[in-house]
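Peer 1: Below is a structure I'd like to ask you about.
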Amino acid sequence: MKTEPITLAITGASGGIYGLRLLECLIAAGRPVYLLISEAGRLVLKMEHDLALPGRPADMAAALSERFSAAGGQLQVFGSKAWTAPVASGSGAPRQMVVCPCTTGTLGRIASGSSEALIERAADVVLKERGQLILVPRETPLSEIHLENMLRLTRMGAVMLPANPGFYHRPTEITGVVDFVVARVLDRLGIDQGLVPPWGLAAAASDDER
């Protein structure tokens, strides 16, 4: 099992549940996580899930570690201006980063190389170090600006993985819908997941049930 840390950023797009579920799965997989949550991300989590996270990074790490049964030190949270965090430099940043969900504003700032906050700087570092950057946009409809920024980042090597759930696994509740997207992210990260079977296996299982 890989033990390298992964950077996870949660921004203010609707769908913070995707980021929370991904965090839960990364912790369950034994991966250390560097977590970055924007102020807007905290607001959306409160609005959509009644989850009021503490403002101080250390307190947030303690609350989320307890919620997801993280091992001691497995989860570290960094504030938006924590420029001494490992993710801010190529010499210390993880090789893998996911922004889930990713606002189109965050996506645009990453595409332009703007690093006014730690999330954008961390993404910039992963790109320049030729690491793996996965962005999970959650926006509709998409404007030409959004599409051009996505194309620009794709050409830089980033992966666009929109929060577009499939339904071939026949989800019956919201968790199943969320898990489809999270499973695709975990597959990209090379982390074993049992949330959603690959296409073909699901169809075969369905045929067996008939």
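Peer 1: Per residue and in cubic angstrom, what volume does the convex hull of the Cα atoms of the chain have? Can you show the working numbers first?
Peer 2: On the way: hull volume 27.6 nm³, N = 210.
Hull volume normalised by residue count: 131 Å³.
Peer 1: Using each residue's phi in region 160-175, evaluate 6.51 cos²θ - 1.76 cosθ + 1.60 at θ = phi - 60° and report the 3J(HN,Hα) Karplus result to the nearest Hz, with x for Gly and Pro.
Peer 2: Once θ is set to phi - 60°, the couplings for region 160-175 become 8, 10, x, 6, 10, x, x, 9, 5, 8, 6, x, 10, 8, 4, 4 Hz.
Peer 1: Let me ask another. Starting from the amide H of residue 115, placed 1.01 Å from N in the peptide plane, find each other amide H under 5 Å away whose residue is 5 or more places distant or on another chain.
Peer 2: none
Peer 1: Multiplying the sequence separation of residue 142 and residue 187 by 0.36 nm and subtracting their Cα-Cα distance, what value in nm do you get? Each step should come with its number before you reach the end.
Peer 2: On the way: separation 45, 0.36 × 45 = 16.20 nm, distance 2.54 nm.
Full extension from residue 142 to residue 187 adds 13.7 nm.
Peer 1: Classify region 1-41 as rounded, prolate or oblate from the Cα gyration tensor: take a ≥ b ≥ c as the square roots of its eigenvalues, call it rounded if a/c is under 1.5, otherwise prolate when a/b beats b/c and oblate if not.
Peer 2: oblate
Peer 1: Using the Cβ atoms and a cut-off under 14 Å, what net charge is assigned to the surroundings of residue 117, where Lys and Arg are +1 and Asp and Glu are -1?
Peer 2: Every neighbour counted, the sum reads 0.
Peer 1: I would also like to ask the following. How many Å² of accessible area per residue for region 82-210, probe 1.4 Å?
Peer 2: Dividing the accessible area of region 82-210 by its residue count gives 53 Å².
Peer 1: Which ³J(HN,Hα) values in Hz, rounded to whole numbers, follow from the phi angles of region 105-122 under the Karplus curve 6.51 cos²θ - 1.76 cosθ + 1.60, where θ = phi - 60° and Gly and Pro get x?
Peer 2: x, 4, 4, x, 5, 5, 4, 8, x, 6, 10, 6, 10, 5, 4, 5, 5, 4
Peer 1: Ranked highest first by the average count of other Cβ atoms within 10 Å around their residues, in what order do 41-51, 26-36, 96-106 fall?
Peer 2: The peptides rank, most packed first, as 96-106, 26-36, 41-51.
Peer 1: Do the sum for the chain: with -39,500 (n - 2.57) for every DSSP H run of n ≥ 4, divided by all residues, what is the mean residue ellipticity at 222 nm, to the nearest 500 deg cm²/dmol?
Peer 2: Estimated from H runs of four or more residues: -14000 deg cm²/dmol.
Peer 1: Please report, as a whole percent, how much of the solvent-accessible surface of region 1-79 comes from carbon and sulfur atoms (probe radius 1.4 Å).
Peer 2: Its accessible area is 53 percent carbon and sulfur atoms.
Peer 1: Under a 5 Å amide H to amide H cut-off, with H placed in plane at 1.01 Å, what residues pair with residue 51 once short-range neighbours are removed?
Peer 2: 46
Peer 1: May I ask you to compute the full-extension gain from residue 170 to residue 151, defined as 0.36 nm times their residue separation minus their alpha-carbon distance, rounded to one decimal in nm?
Peer 2: Working it through step by step, the gained length comes to 3.7 nm.
Peer 1: Taking the 0 to 90 degree range and rounding to the nearest ten, how far is the long axis of helix 39-49 tilted relative to the main principal axis of the chain, both from C-alpha atoms?
Peer 2: Helix 39-49 and the main axis of the chain meet at about 30 degrees.
The values are calculated or read from the model by the stated rules, or taken from the named source; none is laboratory data. Worth saying up front: this structure is predicted, and the values here are computed from it rather than measured. Here Cβ is always computed from backbone atoms with ideal geometry, including for glycine, and neighbour counts include all displayed protein chains. Keep in mind that these areas ignore ligands, DNA and RNA; they rest on the heavy atoms of the full protein, side chains included. Shrake-Rupley method; radii C 1.70, N 1.55, O 1.52, S 1.80 Å.
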